[in-house]
């Protein structure tokens, strides 16, 4: 689907259908006065009698076929004082899906209606355009690779933002382009995480990452078992020992023009392409979803895809390094056993008391390696790490831990504004280390249930050097879901939040 712009007001707009947004209790003249001036039939359409603008309510209005605008889809947003950005995104998603079901090839968004919604929600017009565009893309996403019978309904060919003025503001164009790039990144992450584990192996993920790097002229480095061993990444290797699929740590480096000499933003993603729990085997129910335990790595790769899409017209000032630590955690004759001790890359010995607490082992070595090879301006890791975080915050939410208040504020505000809800949790180091005590090693990889997400974050903190600006995002409750902008399955959560971290603080593109 292409993104287009139409200017000059309703008399110049052309599309199979125009989508307009209505708050509860509004009539046609209040809701879409500009549109009604051109589509004069709209004000007398009988269906208005049955359409009240309630949330989840929509009506297709039909006018004379000979007119340039012969269909208008009215989408309800509910009470104006109760509406929020999530409701708006969902409304856009439902609208474009309905257009697809009706086989409508060209869809317009009523710009005057969008301006009213932006005012009601207290956001800028260009920011709302960004959310409308990405919601449309994400709503149309389908993962049907393995279905022998595909849907007969094709996506619309284009989505047009229809404006009253004679030209399109640069900020509006920029935000629409940003949304398109973000959507490409999110959809790539969804594809990777939705792929079954017999297809999306660590080697296959590495190939996918190399393809992204090659497409955009980025550098790629892949570390296999021998290279990981040479780097002393024994905690990482311990996780992979039980699987016939070899681990791969993939590094993609993006160096924007003029970024020479700048410290990089380093993003690290957990890439467990399948997590059985190892010897500490998980229950059978729901284990099929563990193909998505590489959603953190998928999100990092999605960021690199989005950056490639944006370049060269929009680039961060600093280099960006994406590190994706991929492996499988399986039982087997060579698998790591509870009670085994390994020495991680930073020299700390770890007693592995639970092989299902594997993500932190992979991330620990990856974080230590990242700081040795680079001097990060910011270091952010993302992982489906603990069920405890899901218990604490509920579905569709991520836990945020950070050593730096400014970075925590940036990630929290970005996530909340962009539909990737997160909440900061404390790094209570003393409590976490008390729970991770081992009688025979520097620390254990797992401790008591209470404060489980904090304990895991404190474990990772032991592999972050003093003074490094670091944040950890635990997205265990947000990687899988279903909504009007997410077909059932993996969500691509984290791409938009991580992307916000690659810009310096003085950039306001993502605010």
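The values are calculated or read from the model by the stated rules, or taken from the named source; none is laboratory data. Note that the structure is a prediction, hence the values are computed from the model and not measured. FYI the Cβ positions are ideal-geometry reconstructions off the backbone, even for glycines, and counts take in every protein chain you see.
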Which of (1) within 28 Å of residue 204 (Cβ to Cβ); (2) without any contact (Cβ under 8 Å) to a residue 40 or more places away in the chain is the odd one out, the single condition residue 384 does not satisfy? (2)
Scan region 216-235 for residues that are buried (at least 16 other Cβ atoms within 10 Å of the Cβ) and assigned to a helix (DSSP H, G or I) and report the count. 4
Flagged in region 198-215 as surrounded by fewer than 16 Cβ atoms within 10 Å (Cβ to Cβ) and either under 21 Å from the mean Cα position of the chain (by Cα) or under 28 Å from residue 313 (Cα atoms) (or both), in numbering order, are 207, 211, 214, 215
Go through region 16-35 residue by residue and tally those that are surrounded by 22 or more Cβ atoms within 10 Å (Cβ to Cβ), more than 30 Å from the chain's Cα centre (by Cα) and either modelled with pLDDT of 95 or more or farther than 19 Å from residue 159 by Cβ (or both). 1
Hey, among the residues in region 245-289 that are free of Cβ contacts under 8 Å to residues at least 24 places away in the same chain and under 18 Å from residue 196 (Cα atoms), which one's surrounded by the most Cβ atoms within 10 Å (Cβ to Cβ)? 287
Does residue 343 satisfy the criteria of being surrounded by fewer than 16 Cβ atoms within 10 Å (Cβ to Cβ), touching a residue at least 12 places away in the same chain (Cβ under 8 Å) and over 21 Å from residue 288 (Cβ atoms)? yes
Can you find even one residue in region 458-473 that is in contact (Cβ under 8 Å) with a residue 12 or more places away in the chain, under 22 Å from residue 289 (Cβ atoms) and outside any strand (DSSP E or B)? no
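Evaluate the following for residue 165: is it surrounded by fewer than 16 Cβ atoms within 10 Å (Cβ to Cβ) and without any contact (Cβ under 8 Å) to a residue 24 or more places away in the chain? Write out each step before concluding.
Working: surrounded by fewer than 16 Cβ atoms within 10 Å (Cβ to Cβ): yes; without any contact (Cβ under 8 Å) to a residue 24 or more places away in the chain: no.
Judged against the criteria, residue 165 is not a match.
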If I filter region 36-62 down to residues being over 35 Å from the mean Cα position of the chain (by Cα) and assigned to a loop (DSSP other than H, G, I, E, B), which single residue comes out as nearest to residue 165 (Cα to Cα)? 39
Within region 134-159, the residues that are under 30 Å from residue 81 (Cβ atoms) and touching a strand residue (DSSP E or B) at 6+ places or on another chain (Cβ under 6 Å) are 136, 159
So residue 389 fits all but one of (1) more than 22 Å from the chain's Cα centre (by Cα); (2) within 21 Å of residue 497 (Cα to Cα); (3) assigned to a helix (DSSP H, G or I); what number is the exception? (1)
Quickly run through region 21-58 and pick out the residues that are closer than 17 Å to residue 108 by Cα and in contact with a strand residue (DSSP E or B) (Cβ under 8 Å, 6 or more places away or on another chain). 21, 22, 31, 32, 34, 35, 39, 42, 58
Looking at region 412-430 only, could you name the residues that are in contact with a helix residue (DSSP H, G or I) (Cβ under 6 Å, 6 or more places away or on another chain), surrounded by 16 or more Cβ atoms within 10 Å (Cβ to Cβ) and not in a loop (DSSP other than H, G, I, E, B)? 414, 415, 422
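Identify all residues within region 168-200 that are in a loop (DSSP other than H, G, I, E, B) and assigned by TED's automatic domain parsing to the domain that holds residue 304; write none if there are none.
Within region 168-200, 195, 196, 197, 198, 199, 200 qualify.
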Pair list, Cβ < 9 Å and 6+ apart or interchain, from region 419-431 residues that are at positive phi to residues that are part of a helix (DSSP H, G or I) and buried (at least 17 other Cβ atoms within 10 Å of the Cβ): 419/85; 419/89; 419/131; 419/134; 419/135; 419/496
Candidate set from region 481-511 (those that are assigned to a loop (DSSP other than H, G, I, E, B) and at pLDDT 95 or above); member that is surrounded by the most Cβ atoms within 10 Å (Cβ to Cβ): 493
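Would you say residue 450 is outside any helix (DSSP H, G or I) and under 15 Å from the mean Cα position of the chain (by Cα)? First the steps, then the outcome.
Values: outside any helix (DSSP H, G or I): yes; under 15 Å from the mean Cα position of the chain (by Cα): no.
So residue 450 fails the test.
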When the residues of region 431-442 are filtered to those that are crowded, with 19+ Cβ neighbours inside 10 Å and not in a loop (DSSP other than H, G, I, E, B), which remaining residue is farthest from the chain's Cα centre (by Cα)? 435
Has region 341-351 got at least one residue that is in a loop (DSSP other than H, G, I, E, B) and touching a strand residue (DSSP E or B) at 6+ places or on another chain (Cβ under 9 Å)? yes
Has region 365-376 got at least one residue that is at pLDDT 95 or above, under 30 Å from residue 86 (Cβ atoms) and either surrounded by fewer than 24 Cβ atoms within 10 Å (Cβ to Cβ) or touching a strand residue (DSSP E or B) at 6+ places or on another chain (Cβ under 7 Å) (or both)? no
